[in-house]
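First up is the structure itself, then whatever we jot down about it.
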Amino acid sequence: MIGSLITTAITSILYLLCFVVIVLITKKGKNRAMRLGSIILVIGFVLSGLLIYLIMPAITVPNMILANVIHAFIFISLLFLSLNGGKKVETRVTRPVVLILSLTVLAVPVFLIIGVATLDESYNSIKKQEMEVAEPLTKDETPITVSPEFARNKIQKAMSVVPNTQFYDSGKLQVQKIGDDIVFVAPVEFADFWKYLRGDTTAGYFTISATNTNAQPNFNESEMLYTNSSYFNKNIKRVIYDQYPHYIQSGDAQIEVDEDGKPWYVQTVYRPLHVTNKPDLSDLKVVVIDPEASDMTMYNVEEAPDFIEGSISSEMATTENNYFGKYINGWLNSVFGKRDVKIPNESGSESGVTPIFDESGEMYYFTDMTSPKENIDSALGYTLINSRTGELTYYNGEINNAIMDSEGANQIVNKEFPEKNWEGYMPVLYNIDGHPTWVVNVLDPNGLFKHYAYIKANDSDFVVFGDTANETLDAYRMALLQNPGNISATGYTQTTEASGTIQRVLVTSTDEGQIVQYLLEEDSTIYVVNASKAPYAIFLQSGDEIQAQVQLLENGTATVESISIEGITN
């Protein structure tokens with residue numbers, strides 16, 4: 001209640017000022033004006049307090065100016081009406097009051113203009129860097145995860161294991177790495193207000209693998225008194241507001257689980273820049289709350305406890321992407337010239353962004369950027385935002401030029417299965433062996449997983465479907481190798497030297513050309529080379545000495561980027 005009381009007191013300042021002016025200036029019944037004004041002050045404080053308790057406006061200069069104007073206009077009008085019973089009010093009283101109110105009203109657009117002028121500063125506060133291309137994908141970086149829709153569908157079907165299940169529903173999903181497993185965590189939330197009154201506490205939370213479509217959800221009992229779906233003083237947002245009313249909360253709080261299996265609510269918050277509501281993206285905070293006792297601690301986002309993946313909420317990441325894309329050359333340019341302006345696509349699984357994990361277990365939010373021009377469906381690049389620090393990396397190298405955007409990738413999947421109404425979901429762009437590739441989940445109308453789709457981002461006809469991540473990745477890599485049109489990406493691959501004596505050779509013909517596979521003595525790796533890259537490779541035979549630059553894959557094979565054959569090429 002402390003935060004609401006402080007905010008209500010600040011909201012009443014303008015009324016109190018006008019009330020004092022009226023009492024000091026009026027010559028008709030000062031005592032009556034004092035008595036009526038005091039009564040209206042109390043009524044206004046109570047009514048405004050109830051409204052503030054419900055909507056919880058942050059204590060910022062624009063919010064408080066607007067709240068004061070509305071509060072004063074309503075209750076000063078009521079005071080004048082009460083004092084004069086509909087008769088004309090003394091001019092000597094109305095004139096200064098109207099002047100005070102007018103000046104305050106004029107302050108509202110002034111602060112809006114200041115807010116627009118501060119957009120450049122918000123853009124500059126982003127911790128950002130630009131890179132040509134991401135590191136090539138490895139199998140340690142699972143190229144896709146189970147879609148949230150699919151996970152939510154399974155959790156809903158498992159709700160029957162929750163005690164008094166009629167009171168509850170599944171809450172907001174949060175992806176997290178627990179031990180060595182990447183999982184979705186979903187709290188059990190109250191279904192509605194009446195269920196809250198009867199239930200009082202929620203029963204626990206679910207976890208389900210975010211990388212295995214065959215996994216089933218696990219219910220973990222852990223009573224929570226303070227939740228997103230609780231009401232009154234047990235609501236998480238209100239608990240934070242009461243202690244930090246001068247901070248703006250970004251989105252809804254989410255559940256994360258520590259090493260002992262205890263759930264915590266995590267909420268991203270920030271103080272606005274100067275006298276605006278615009279975020280200072282270099283100074284974000286995170287509040288961590290115990291849902292049993294409501295104890296909370298505020299941290300700098302990068303200093304949050306190690307078990308927390310999402311110090312930066314998905315909503316905050318979306319805001320950061322919008323500022324990064326739109327205001328690179330200022331607000332005026334974002335409206336008129338639009339030079340270098342980029343618009344984030346909204347194909348992500350969480351508030352327009354998609355969480356992914358790299359090989360070291362760090363979580364990032366992925367978003368692709370497109371042009372503000374209409375009827376252009378190509379991507380300009382993509383961003384990855386570190387979910388613990390907020391640092392944004394923009395990938396816009398030549399390899400990403402003229403590639404389709406995430407909406408285009410989804411449409412390719414949608415057109416593949418029109419009779420089944422299967423749709424693409426959660427597209428993420430990866431660098432696979434130097435080729436920008438969209439990895440897309442294929443879901444049925446009920447949100448159930450059906451396939452993975454790997455789509456070459458600069459060729460809408462190059463699509464590989466599969467049932468598992470690794471199987472589809474291997475099939476896609478083989479398809480890349482067999483297609484002679486893919487030789488231009490070798491400059492972006494990481495290669496190593498492989499030399500030795502040829503033991504076995506196999507040459508096969510496909511519709512796209514000839515593929516040469518060979519083994520080296522004392523080496524179990526299967527080396528594969530496209531004859532369009534190395535025409536002399538078709539003349540290989542046992543006993544030849546070769547030197548090659550190859551890209552080693554994780555399935556016991558290697559793609560040959562260049563090869564030198566003793567006696568033939570040198």
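The values are calculated or read from the model by the stated rules, or taken from the named source; none is laboratory data. As the structure is a prediction and not an experimental result, all values here were calculated from the model. Virtual Cβ from ideal backbone geometry, glycine too; neighbours counted across all protein chains shown. These accessible areas exclude ligands, DNA and RNA; they are computed on the full protein's heavy atoms, side chains included. Shrake-Rupley method; radii C 1.70, N 1.55, O 1.52, S 1.80 Å.
Data for the structure
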item	result
Approximate shape of region 1-121 as ellipsoid semi-axes (Cα gyration tensor, √5λ), whole Å, largest first	28, 19, 10
Among 48, 69, 82 the positive-end extreme of the charge dipole of region 1-121 (Cβ point charges)	82
Accessible surface of region 1-121, 1.4 Å probe, proportion on carbon and sulfur as whole %	78 percent
Cα gyration tensor shape of region 382-427, rounded if a/c is under 1.5, else prolate or oblate by comparing a/b with b/c	oblate
Label selected from (1) 25.6; (2) 40.6; (3) 33.2, the criterion being mean projected area of the Cα convex hull in nm² as computed here	(3)
Alpha carbon centroid spacing (whole Å) that separates region 52-115 from region 383-457	51 Å
Gyration tensor (Cα) of region 334-386, equivalent ellipsoid semi-axes in angstrom	25, 11, 9
Cα lying deepest toward the dipole's positive end in the chain, options 93, 451, 430, charges on Cβ	93
Sulfur and carbon atoms: percent of accessible area, region 145-209 [1.4 Å]	49 percent
Distribution of pairwise C-alpha distances over region 406-482, 5 Å bins, in %	3, 18, 29, 27, 15, 6, 2, 0
Charge dipole (debye, nearest 20) of the chain; +1 at Cβ of Lys and Arg, -1 at Cβ of Asp and Glu	5260 debye
Per principal axis, descending, Cα span of region 210-294 in whole Å	50, 32, 21
Cleavage-rule hits, GluC sites (Glu not before Pro), region 352-402, DSSP coil, Cβ neighbours within 10 Å at most 15	359, 362, 374
Dipole magnitude (debye, nearest 20) for region 518-570, charges at Cβ of Lys, Arg, Asp, Glu	280 debye
Cα-based convex hull, region 331-450, per residue volume (Å³, whole number)	141 Å³
Electrostatic dipole magnitude of region 1-121 [Cβ: Lys, Arg +1; Asp, Glu -1; Cα centre; debye, to 20]	980 debye
Rg ratio (alpha-carbon, reference 2.2 N^0.38 Å) - region 496-565	0.99
For the chain, the longest site-free run once chymotrypsin sites (Phe, Trp or Tyr not before Pro) in DSSP loop states with at most 13 other Cβ atoms within 10 Å are removed	337-570
Residues in region 231-266 reached by a label modelled at residue 193 [backbone nitrogen below 13 Å; 7 Å Cα→Cβ]	231-232
Accessible area per residue in Å² at 1.4 Å probe, computed on the chain	45 Å²
Positive-end residue of 248, 215, 301, charge dipole of region 206-311 with Cβ unit charges	248
Relative contact order (%) - criterion: Cα under 8 Å, at least six apart; region: region 269-325	23 percent
Rounded D (µm²/s) - region 370-523, Kirkwood Rh over Cα pairs, Stokes-Einstein at 4 °C, 1.567 mPa s	73 µm²/s
Relative contact order for region 496-565, counting Cα pairs under 8 Å that sit 6 or more residues apart, in percent	34 percent
